[in-house]
């Protein structure tokens, strides 16, 4: 109960009462939304509990970490319950003639953009897209990279050479160029397209890391002893190698999420992100770039959100790294 | 043998601050080393023998290490532990030299071995580069390195472990020290090379009239080279005696156990009597006599800590059996 | 099968390691260079030699943890180098290995109990209900407190870890165990315990050991027969008591005389060898030991013709032109 506080709990309760109608709407609304909320609500606490457990064991000084985790919870909560929290539909054009680029006010806490859409709602829904893309893409790339890297490291020989040379070749192309070329092939890009493309182009470094770790463990006596006992290669990978290389992989993953949020924002800014009018933080910046001086908040607010999120993930990553490498 | 000992250690206690509490690595250790004598210090891992050796030259990093106020290391009458800076540097290497188990780690991989010897010479003696080089080559020859002028230009990775240990000995000899402290000098070497190194140590000791402090876990090495032996267990000296006496009449049950538990190359197969249990960790010494949980002779008196009782000039035992003669005869 | 048949039979085993790239085939290091021996059931064969003599490579080749270049390794009459991987995995139940570095032989993220249970599960030697009690019985057999099954390897002392490794090796009821420097890393007072344990396990379970060691005292204490290696070859093979009292090969004699004996009164004829073992890559053409040999009669024949390993007395083989006139120790 160390991480339970009355103040945020009270705020949450107030929120539930105030937005009761929206909650009812949400519950009656499309299944997709509810599933997403459910997944996020389960996944994130599990991740946080793991992070806390790990850091608690090693007694890492964790004020920074606590702050990061709290911020992450707020962000994720907002993303998961976007339909409840957002005051407007993020794509709804309120009044093109009169409500263009309104400064923050009571009705529109973060103002509106040049198409008179409510910025707060766009930010909340944008968090959903940005975070989901980053989390799903990192899961994909870590899984792929770990599997291929471990197989390459353990089997060696031709398989190893084939996998590693392909990776070298792929890494020779700058990632952003690769992304721009590949994403330009699509006419309309939904979230899953972006996730796939980011995930499939992001596993190279992870594979190299996993391979290097496996190589350093492969000839250690406990692996040789397992092999001498007749343990199969699959079991050696799963029971003996994976738990021993998990630590650096977890660190890469957390740090990778921050990076992916940046990449996704960059792509959206270039117009290669999720197709309009769906909001992501990057596309909000893109929409606001022409009005940098007339309506600076349109660019600054998503920029601030991106910076915060990246910092949150790198703080968590650093803490986990510190916790796992006390020596 | 009335001359004052070259090295006197009085009540040496060293503790280390660790995140898990204070570790008393060495506890009230006292001994003397006479000029020209070979003193063996024998003990198992964690008994404090290496910490003792490092303390002799004040090489314990403080903090986390802490050498107690009462500790004295008198080298030729001067308390090494009270020295600082230049005065300490003049003793280190020049008058008391050390060699370690792992010569590879003790040498700088990017300098030639000759440069490293010459560097030590020039650090302590006002000689020119050319002279230092000449002396270094002579030393390499003395420690039995073939073709020394050529080997002067070799890098550590180009030489075998045995050769590197010879280089370490050459560095140690470069300022003709009064005391050479050798910490497990042959443990990492093969037996045939170990025999060569022990021969070399004996030879240079005679030639230079040095005192040698040899720290090892190997009783065979002790029997081969030491005049007198100190047995350490759990941070304390448990027995001190002349080498012959230690092997013929070990007084402490731990010494006896140690001798009985090693198989012998010169004797046919027999059932060895192993000491039960394992060496206690330094963070958690047993109370009372520190050996009593593993001792076959332990009785209720062993719950209290015995003192190191001296008998004669060179023998001492830390055991209630030595005090309580009635019990000992049982 | 008759009882006199060897359990392990190694014929002309060769293994070399590359130094750099596929191009310099001539520069390969011949770690094991034509070695032939057999181990009878219930016997302990010792393999002694200095570091770099190739003794550990032999152990690994026998278990097929590394593939030899040529030669034959037969286990209970089956040529294991010809086996497919699934048949080999089944055969691994009968042969085990114990390494010097006990803590490193246990998966740092696996509790001791799980580590001991794993081979039983892999070979399906017990039902789910029995596995746990089998594991506890094994721990008891090697003298470990059952409490320790919940510990991680780094929480054990060296001696406890080595006992756990032995329990793990025993869990599959093997016939043959390769002991690769099993006590070299242990404290002196603990070495004796582990040696006694290995001896009593051998009697109780009729195990066959191949003991690889550099410590001749351990070998004398433990082995029935001993093979002495120098530069990837056997220079002498003999029963233990004869080898240690009257060695035939000058290298064996020098090795024995170099071991310090914990008895200051014992005066022995010390043979101190000159120089060091040449690196395996530049093997001399004649007798590999020629450059260091202390034998007073060594001559041109030695430097030109490599002596064969021949039987000089019943059960005693030596590779020396002067094995009939051995050095005394």
What pairs come up if the first residue lies in the range C:97-111 and is more than 7 Å from chain A (Cβ to nearest Cβ), the second is part of a strand (DSSP E or B) and modelled with pLDDT of 85 or more, and their beta carbons are under 7 Å apart, counting only those six or more places apart or on different chains?
C:98/C:177; C:98/C:179; C:98/C:180; C:100/C:180
Condition set buried (at least 19 other Cβ atoms within 10 Å of the Cβ) and in a loop (DSSP other than H, G, I, E, B), scope the range B:279-299, selection nearest to the other protein chains (Cβ to nearest Cβ): answer is B:279
Would you mind listing the helices (runs of 4 or more DSSP H) fully within the range A:182-288 where at least 2 residues are away from chain C (no Cβ under 14 Å)?
A:191-200, A:204-218, A:242-269, A:281-288
Within the range B:151-169, is even one residue more than 18 Å from residue B:198 (Cβ to Cβ), within 20 Å of the chain's Cα centre (by Cα) and outside any loop (DSSP other than H, G, I, E, B)?
no
Kindly establish whether residue B:14 is part of a strand (DSSP E or B) and more than 14 Å from every other protein chain (Cβ to nearest Cβ).
yes
Which condition number in (1) in contact (Cβ under 8 Å) with a residue 24 or more places away in the chain; (2) farther than 24 Å from residue B:96 by Cα is the one that residue B:144 fails?
(2)
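Matching residues to (1) more than 14 Å from every other protein chain (Cβ to nearest Cβ); (2) part of a loop (DSSP other than H, G, I, E, B); (3) loosely packed, with under 14 Cβ neighbours inside 10 Å:
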| site | (1), (2), (3) |
| --- | --- |
| C:237 | yes, no, no |
| C:279 | no, yes, yes |
| C:297 | yes, yes, yes |
| C:320 | yes, yes, no |
Among the candidates C:264, C:284, which residue alone is away from chain B (no Cβ under 14 Å) and modelled with pLDDT under 85?
C:284
Pick from the range B:252-267, criterion in contact (Cβ under 8 Å) with a residue 60 or more places away in the chain and farther than 15 Å from residue C:187 by Cβ, ranking: surrounded by the fewest Cβ atoms within 10 Å (Cβ to Cβ):
B:253
Picking from B:214, B:258, the residue that is modelled with pLDDT of 85 or more and facing chain C (nearest Cβ under 10 Å) would be B:258
Among C:161, C:169, the single one that is crowded, with 22+ Cβ neighbours inside 10 Å, away from chain B (no Cβ under 11 Å) and not in a strand (DSSP E or B) is C:169
Give, as residue ranges, the strands (runs of 3 or more DSSP E) completely inside the range B:193-245 that count at least 1 residues that are free of Cβ contacts under 8 Å to residues at least 40 places away in the same chain.
none
Answer with yes or no whether residue B:189 is within 12 Å of chain C (Cβ to nearest Cβ) and part of a loop (DSSP other than H, G, I, E, B).
yes
Sort through C:204, C:227, C:254 and tell me the only one that's more than 12 Å from chain B (Cβ to nearest Cβ), over 23 Å from residue B:247 (Cα atoms) and part of a helix (DSSP H, G or I).
C:204
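One line per residue, one yes/no per condition, for (1) buried (at least 23 other Cβ atoms within 10 Å of the Cβ); (2) more than 9 Å from chain C (Cβ to nearest Cβ):
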position: B:207; (1), (2): no, yes
position: B:219; (1), (2): yes, no
position: B:227; (1), (2): no, yes
position: B:233; (1), (2): yes, yes
position: B:243; (1), (2): no, no
position: B:270; (1), (2): no, no
Residue list for the range C:114-134, restricted to those being assigned to a helix (DSSP H, G or I) and either within 14 Å of another protein chain (Cβ to nearest Cβ) or touching a residue at least 40 places away in the same chain (Cβ under 8 Å) (or both)
C:114, C:115, C:116, C:117, C:118, C:119, C:120, C:121, C:122
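The values are calculated or read from the model by the stated rules, or taken from the named source; none is laboratory data. This is a predicted model, so every value here is computed, not measured. Cβ: placed from backbone, ideal geometry, glycine included. Neighbour counts: every protein chain shown.
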